[in-house]
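The values are calculated or read from the model by the stated rules, or taken from the named source; none is laboratory data. Computed from a prediction, not measured in an experiment: that's the story for all the values here. Cβ atoms come from the backbone with ideal geometry, glycine included; neighbour counts cover every protein chain shown. Just so you know, the surface numbers come from the protein's heavy atoms only, side chains and all, with ligands and any DNA or RNA stripped out. Shrake-Rupley method; radii C 1.70, N 1.55, O 1.52, S 1.80 Å.
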Amino acid sequence: MIEEVAEHVYAYVQPDGGWCLNNAGVITAGGESALVDTAATERRARALRAAALSLESAPPRIVVNTHSHGDHTFGNCVFPEAVVVGHSGTRTEIKQAGLHLTGLWPDVCWGDITVTPPTLTYEDRLTLHVGPVRVELMSAGAAHTINDTVVWLPDQRVLFTGDVVMSGVTPFFPMGSLSGCVAAVRTLRSLDPAVVVSGHGPVAGPEILNETEKYLLWVRSLAKEGIEAGLTPLEVARESRYGPWEGLLDPERLVPNLHRAYLELRGAAPGAPVDMGALFQEMVDFRGGLPHCAA
(Lines give C-alpha, C1' and ligand atoms only; values in the text may rest on other atoms or scores of the structure.)
Protein backbone atom coordinates (compact mmCIF):
# COMPACT_ATOMS: atom_id res chain seq x y z
CA MET A 1 0.00 0.00 0.00
CA ILE A 2 1.55 3.29 -1.13
CA GLU A 3 0.66 6.42 0.87
CA GLU A 4 1.75 9.97 0.08
CA VAL A 5 2.99 11.55 3.32
CA ALA A 6 4.51 14.79 1.98
CA GLU A 7 5.50 16.37 -1.31
CA HIS A 8 7.85 13.93 -3.09
CA VAL A 9 7.62 11.41 -0.22
CA TYR A 10 5.67 8.16 0.05
CA ALA A 11 5.35 5.43 2.65
CA TYR A 12 5.06 1.87 1.42
CA VAL A 13 3.12 0.15 4.20
CA GLN A 14 2.66 -3.63 4.46
CA PRO A 15 -0.23 -4.42 6.83
CA ASP A 16 -0.50 -5.60 9.47
CA GLY A 17 3.12 -4.83 10.31
CA GLY A 18 3.83 -8.11 12.08
CA TRP A 19 6.88 -10.31 11.75
CA CYS A 20 8.64 -9.61 8.41
CA LEU A 21 5.90 -7.25 7.18
CA ASN A 22 7.98 -4.10 7.20
CA ASN A 23 7.50 -0.61 5.84
CA ALA A 24 9.59 1.06 3.16
CA GLY A 25 9.77 4.55 1.76
CA VAL A 26 9.89 6.05 -1.72
CA ILE A 27 11.36 9.49 -2.37
CA THR A 28 10.87 10.77 -5.90
CA ALA A 29 11.65 14.16 -7.38
CA GLY A 30 13.33 15.68 -10.42
CA GLY A 31 13.05 12.46 -12.43
CA GLU A 32 14.91 10.48 -9.77
CA SER A 33 13.86 8.18 -6.94
CA ALA A 34 15.29 6.48 -3.89
CA LEU A 35 14.07 3.84 -1.47
CA VAL A 36 14.27 3.52 2.27
CA ASP A 37 14.52 -0.24 2.86
CA THR A 38 13.16 -3.04 0.68
CA ALA A 39 11.20 -6.16 1.70
CA ALA A 40 11.58 -9.71 2.96
CA THR A 41 10.67 -11.88 -0.02
CA GLU A 42 11.20 -11.71 -3.75
CA ARG A 43 7.47 -11.36 -4.35
CA ARG A 44 7.09 -8.51 -1.89
CA ALA A 45 10.22 -6.76 -3.17
CA ARG A 46 8.93 -6.94 -6.74
CA ALA A 47 5.64 -5.42 -5.59
CA LEU A 48 7.65 -2.60 -4.01
CA ARG A 49 9.57 -2.16 -7.26
CA ALA A 50 6.31 -1.91 -9.19
CA ALA A 51 5.01 0.70 -6.74
CA ALA A 52 8.19 2.76 -7.12
CA LEU A 53 7.94 2.57 -10.92
CA SER A 54 4.34 3.74 -10.76
CA LEU A 55 5.63 6.98 -9.25
CA GLU A 56 8.71 7.46 -11.43
CA SER A 57 9.46 5.69 -14.71
CA ALA A 58 13.16 5.24 -13.94
CA PRO A 59 14.01 2.65 -11.28
CA PRO A 60 15.37 3.87 -7.94
CA ARG A 61 19.05 4.80 -8.08
CA ILE A 62 19.55 4.59 -4.30
CA VAL A 63 18.40 2.07 -1.70
CA VAL A 64 19.02 2.99 1.95
CA ASN A 65 19.05 0.18 4.49
CA THR A 66 18.08 1.32 7.99
CA HIS A 67 19.51 -1.85 9.52
CA SER A 68 20.63 -5.36 8.70
CA HIS A 69 17.54 -7.51 9.22
CA GLY A 70 16.35 -9.49 6.23
CA ASP A 71 12.81 -8.13 6.14
CA HIS A 72 14.33 -4.74 5.32
CA THR A 73 17.23 -5.92 3.14
CA PHE A 74 16.55 -9.20 1.34
CA GLY A 75 14.80 -7.28 -1.44
CA ASN A 76 17.95 -5.27 -2.22
CA CYS A 77 18.75 -7.78 -4.94
CA VAL A 78 15.58 -6.82 -6.86
CA PHE A 79 17.05 -3.32 -7.45
CA PRO A 80 20.29 -4.04 -9.35
CA GLU A 81 20.44 -0.51 -10.78
CA ALA A 82 20.61 1.07 -7.32
CA VAL A 83 23.52 1.87 -5.05
CA VAL A 84 22.75 0.33 -1.67
CA VAL A 85 23.67 2.67 1.19
CA GLY A 86 23.93 1.91 4.89
CA HIS A 87 26.00 2.17 8.01
CA SER A 88 29.34 0.39 7.78
CA GLY A 89 28.28 -1.83 10.67
CA THR A 90 25.09 -2.72 8.84
CA ARG A 91 27.13 -3.96 5.89
CA THR A 92 29.13 -6.17 8.25
CA GLU A 93 26.00 -7.52 9.96
CA ILE A 94 24.26 -8.32 6.67
CA LYS A 95 27.27 -10.28 5.44
CA GLN A 96 27.52 -12.17 8.73
CA ALA A 97 23.80 -13.00 8.97
CA GLY A 98 23.36 -14.13 5.38
CA LEU A 99 19.95 -15.73 4.88
CA HIS A 100 19.64 -16.85 8.52
CA LEU A 101 16.19 -15.28 8.88
CA THR A 102 14.74 -17.70 6.33
CA GLY A 103 15.50 -20.59 8.67
CA LEU A 104 13.18 -19.22 11.36
CA TRP A 105 10.17 -19.53 9.05
CA PRO A 106 11.02 -22.27 6.52
CA ASP A 107 7.43 -22.43 5.25
CA VAL A 108 7.55 -18.86 3.91
CA CYS A 109 8.09 -18.62 0.14
CA TRP A 110 11.18 -16.42 0.22
CA GLY A 111 11.79 -16.65 -3.53
CA ASP A 112 15.05 -16.12 -5.38
CA ILE A 113 16.84 -13.76 -3.01
CA THR A 114 20.54 -13.14 -2.61
CA VAL A 115 22.40 -11.25 0.09
CA THR A 116 23.16 -7.76 -1.24
CA PRO A 117 24.87 -5.58 1.40
CA PRO A 118 25.50 -1.84 1.08
CA THR A 119 28.31 -0.85 -1.24
CA LEU A 120 28.34 2.74 0.00
CA THR A 121 28.72 3.10 3.76
CA TYR A 122 28.96 5.88 6.31
CA GLU A 123 29.78 6.21 10.02
CA ASP A 124 27.92 9.15 11.59
CA ARG A 125 25.94 11.19 9.05
CA LEU A 126 25.51 11.26 5.30
CA THR A 127 23.52 13.63 3.11
CA LEU A 128 21.92 12.38 -0.09
CA HIS A 129 20.05 14.42 -2.69
CA VAL A 130 17.12 13.10 -4.69
CA GLY A 131 16.38 15.91 -7.10
CA PRO A 132 15.70 18.89 -4.81
CA VAL A 133 14.99 16.69 -1.77
CA ARG A 134 17.65 16.64 0.94
CA VAL A 135 17.87 13.27 2.68
CA GLU A 136 19.83 13.05 5.92
CA LEU A 137 21.07 9.65 7.08
CA MET A 138 21.84 9.65 10.79
CA SER A 139 23.36 6.89 12.87
CA ALA A 140 21.17 5.96 15.83
CA GLY A 141 23.91 3.78 17.29
CA ALA A 142 22.86 0.70 19.23
CA ALA A 143 19.07 0.67 19.47
CA HIS A 144 17.06 -1.96 17.57
CA THR A 145 20.36 -3.41 16.35
CA ILE A 146 23.89 -2.21 17.07
CA ASN A 147 24.03 -0.07 13.91
CA ASP A 148 20.69 1.58 13.17
CA THR A 149 20.12 4.35 10.65
CA VAL A 150 17.25 6.84 10.66
CA VAL A 151 16.37 8.86 7.59
CA TRP A 152 15.32 12.46 8.09
CA LEU A 153 13.89 14.78 5.44
CA PRO A 154 14.17 18.17 7.14
CA ASP A 155 12.27 20.23 4.57
CA GLN A 156 9.32 17.82 4.51
CA ARG A 157 9.66 17.01 8.24
CA VAL A 158 9.28 13.33 7.48
CA LEU A 159 11.18 10.80 9.58
CA PHE A 160 11.83 7.18 8.60
CA THR A 161 12.85 5.40 11.80
CA GLY A 162 13.48 1.86 10.66
CA ASP A 163 12.76 -0.50 13.55
CA VAL A 164 13.97 1.90 16.22
CA VAL A 165 10.27 2.82 16.38
CA MET A 166 7.22 0.71 15.50
CA SER A 167 3.61 1.84 15.20
CA GLY A 168 1.05 -0.32 16.97
CA VAL A 169 3.67 -3.06 17.03
CA THR A 170 5.77 -4.17 20.01
CA PRO A 171 9.32 -2.75 19.97
CA PHE A 172 12.12 -5.29 19.66
CA PHE A 173 15.63 -4.61 20.90
CA PRO A 174 17.35 -7.78 22.22
CA MET A 175 20.02 -7.42 19.52
CA GLY A 176 20.54 -3.77 20.32
CA SER A 177 20.04 -1.74 23.47
CA LEU A 178 17.25 -0.61 25.75
CA SER A 179 19.16 2.47 26.88
CA GLY A 180 20.15 3.11 23.27
CA CYS A 181 16.52 2.96 22.16
CA VAL A 182 15.53 5.47 24.84
CA ALA A 183 18.33 7.84 23.82
CA ALA A 184 17.50 7.45 20.13
CA VAL A 185 13.80 8.16 20.64
CA ARG A 186 14.60 11.31 22.59
CA THR A 187 16.95 12.47 19.84
CA LEU A 188 14.31 11.80 17.21
CA ARG A 189 11.76 13.80 19.18
CA SER A 190 14.13 16.78 19.13
CA LEU A 191 13.96 16.80 15.31
CA ASP A 192 10.28 17.78 15.62
CA PRO A 193 8.96 15.57 12.82
CA ALA A 194 5.45 16.04 11.46
CA VAL A 195 5.22 12.52 10.01
CA VAL A 196 6.83 9.36 11.36
CA VAL A 197 7.13 6.32 9.12
CA SER A 198 8.16 3.55 11.46
CA GLY A 199 9.68 0.22 10.52
CA HIS A 200 6.37 -1.62 10.99
CA GLY A 201 2.77 -0.50 11.33
CA PRO A 202 0.70 2.50 10.20
CA VAL A 203 2.13 5.91 9.42
CA ALA A 204 1.98 8.05 12.54
CA GLY A 205 2.70 11.46 13.94
CA PRO A 206 5.23 12.45 16.59
CA GLU A 207 3.04 10.95 19.33
CA ILE A 208 4.39 7.52 18.41
CA LEU A 209 7.76 8.58 19.80
CA ASN A 210 6.17 9.26 23.19
CA GLU A 211 4.36 5.91 23.13
CA THR A 212 7.56 4.10 22.27
CA GLU A 213 9.43 5.75 25.14
CA LYS A 214 6.65 4.79 27.57
CA TYR A 215 6.95 1.14 26.54
CA LEU A 216 10.74 1.19 26.86
CA LEU A 217 10.61 2.70 30.34
CA TRP A 218 7.94 0.18 31.37
CA VAL A 219 10.21 -2.70 30.32
CA ARG A 220 13.08 -1.15 32.28
CA SER A 221 10.86 -0.84 35.36
CA LEU A 222 9.70 -4.45 35.03
CA ALA A 223 13.29 -5.62 34.73
CA LYS A 224 14.35 -3.71 37.84
CA GLU A 225 11.50 -5.24 39.83
CA GLY A 226 12.31 -8.68 38.49
CA ILE A 227 15.97 -8.46 39.44
CA GLU A 228 15.08 -7.26 42.93
CA ALA A 229 12.61 -10.15 43.32
CA GLY A 230 15.07 -12.74 42.03
CA LEU A 231 12.88 -13.61 39.05
CA THR A 232 13.99 -14.57 35.56
CA PRO A 233 12.88 -12.52 32.53
CA LEU A 234 10.50 -15.32 31.56
CA GLU A 235 8.95 -15.37 35.02
CA VAL A 236 8.50 -11.60 34.94
CA ALA A 237 6.83 -11.82 31.54
CA ARG A 238 4.45 -14.50 32.77
CA GLU A 239 3.50 -12.40 35.78
CA SER A 240 3.05 -9.16 33.86
CA ARG A 241 1.08 -10.62 30.91
CA TYR A 242 2.06 -7.55 28.86
CA GLY A 243 0.66 -5.01 31.32
CA PRO A 244 -0.92 -2.06 29.48
CA TRP A 245 0.66 -3.09 26.16
CA GLU A 246 -1.29 -6.24 25.37
CA GLY A 247 -2.94 -4.46 22.45
CA LEU A 248 0.34 -4.10 20.57
CA LEU A 249 1.01 -6.58 17.80
CA ASP A 250 3.48 -9.36 18.64
CA PRO A 251 3.51 -8.73 22.42
CA GLU A 252 5.55 -11.90 23.01
CA ARG A 253 8.63 -9.82 22.21
CA LEU A 254 8.50 -8.79 25.84
CA VAL A 255 10.55 -11.88 26.78
CA PRO A 256 13.70 -11.14 24.73
CA ASN A 257 13.30 -7.42 25.48
CA LEU A 258 13.44 -8.20 29.21
CA HIS A 259 16.59 -10.24 28.68
CA ARG A 260 18.29 -7.20 27.15
CA ALA A 261 17.03 -4.98 29.97
CA TYR A 262 18.38 -7.41 32.57
CA LEU A 263 21.79 -7.44 30.88
CA GLU A 264 22.07 -3.66 30.85
CA LEU A 265 20.84 -3.23 34.41
CA ARG A 266 23.55 -5.68 35.43
CA GLY A 267 26.22 -3.63 33.69
CA ALA A 268 26.46 -5.11 30.19
CA ALA A 269 27.35 -2.68 27.43
CA PRO A 270 24.70 -1.74 24.86
CA GLY A 271 24.74 -4.28 22.07
CA ALA A 272 26.61 -6.91 24.10
CA PRO A 273 26.18 -10.27 22.32
CA VAL A 274 23.29 -12.54 23.28
CA ASP A 275 22.26 -16.03 22.23
CA MET A 276 19.38 -15.00 19.99
CA GLY A 277 18.53 -18.60 19.21
CA ALA A 278 17.92 -19.29 22.88
CA LEU A 279 15.95 -16.07 23.38
CA PHE A 280 13.81 -16.74 20.32
CA GLN A 281 13.03 -20.24 21.59
CA GLU A 282 12.10 -18.87 25.01
CA MET A 283 9.77 -16.41 23.30
CA VAL A 284 8.22 -19.26 21.31
CA ASP A 285 7.69 -21.25 24.51
CA PHE A 286 6.13 -18.24 26.23
CA ARG A 287 3.80 -17.63 23.29
CA GLY A 288 2.90 -21.29 22.99
CA GLY A 289 4.08 -21.61 19.42
CA LEU A 290 6.06 -20.01 16.63
CA PRO A 291 5.02 -16.40 15.96
CA HIS A 292 3.11 -16.05 12.72
CA CYS A 293 5.04 -14.64 9.78
CA ALA A 294 2.83 -13.62 6.85
CA ALA A 295 5.65 -12.65 4.53
(message) Loop by DSSP (not H, G, I, E, B), at most 12 other beta-carbon atoms within 10 Å: where is the longest site-free stretch of the chain for trypsin sites (Lys or Arg not before Pro)?
(response) 1-240
(request) Just the number, please: carbon plus sulfur as a percent of the accessible area of the chain, 1.4 Å probe, no ligands or DNA/RNA counted. (result) 53
(request) State the antiparallel share, in %, of DSSP beta bridges confined to the chain, rounding to the nearest 5. (result) 65
(message) Within the range 137-177, list the residues whose amide N lies under 18 Å from a label point set 7 Å along Cα→Cβ of Ala29.
(response) 137-138, 151-161
(message) What do you get for the angle between helix 207-229 and the principal long axis of the chain? Use alpha-carbon atoms, 0 to 90 degrees, nearest ten.
(response) 30
(request) Working from Cα positions, state the angle (0 to 90°, nearest 10) between the long axis of helix 276-287 and the longest principal axis of the chain. (result) 70
(request) Figure the gain on full extension for Val115 and Leu265 (residue separation times 0.36 nm, minus the Cα-Cα span) and round it to one decimal in nm. (result) 50.5 nm
(message) Skipping prolines and chain starts, which residues have an amide H placed within reach, meaning under 5 Å, of the one on Ala140, given they are 5 or more residues away or on another chain?
(response) Asp148, Thr149, Val150
(message) I'd like to check one number: the per residue accessible area of the range 1-85, probe 1.4 Å, reported in Å² as a whole number.
(response) 31
(request) Determine which residues of the range 161-182 fall in the zone a paramagnetic label at Leu217 would reach in this model, i.e. backbone nitrogen under 18 Å from the point 7 Å along Cα→Cβ. (result) 165-166, 171, 178-182
(request) Give me the accessible area per residue for the range 112-234, probe 1.4 Å, as a whole number in Å². (result) 36
(request) Report the paramagnetic label zone for Ala278: residues of the range 201-236 whose backbone N is under 13 Å from a point 7 Å from Cα along the Cα-to-Cβ axis. (result) 233-234
(message) Please list log₁₀ I(q)/I(0) at q = 0.18 Å⁻¹ for the range 148-295, using the Debye equation with identical point scatterers on the alpha-carbon positions.
(response) -1.06
(request) Mind giving me the nanometre distance, one decimal, between the label points for Arg61 and Arg125, set 7 Å out from Cα along Cα→Cβ? (result) 2.4
(message) Once the cut-off is 15 Å, how many percent of the Cα-Cα pairs in the range 1-90 end up in the long-distance tail?
(response) 52
(request) State, to one decimal in nm, how far the label point of Arg287 lies from the label point of Asn210, with both points 7 Å from Cα in the Cβ direction. (result) 3.1
(message) Whole-Hz ³J(HN,Hα) for each residue in the range 250-266, computed from phi via Karplus 6.51 cos²θ - 1.76 cosθ + 1.60 with θ = phi - 60°, x for glycine and proline: what do you get?
(response) 6, x, 4, 4, 3, 4, x, 4, 5, 4, 5, 4, 4, 4, 6, 5, 9
(request) Would you calculate a helix-derived [θ] at 222 nm for the chain, using -39,500 (n - 2.57) for each DSSP H run of n ≥ 4 and dividing by the full residue count, to the nearest 500? (result) -10500 deg cm²/dmol
(request) Using only the Cα atoms, work out Rg/Rh for the chain, with Rh taken as the Kirkwood radius, to two decimals. (result) 0.96
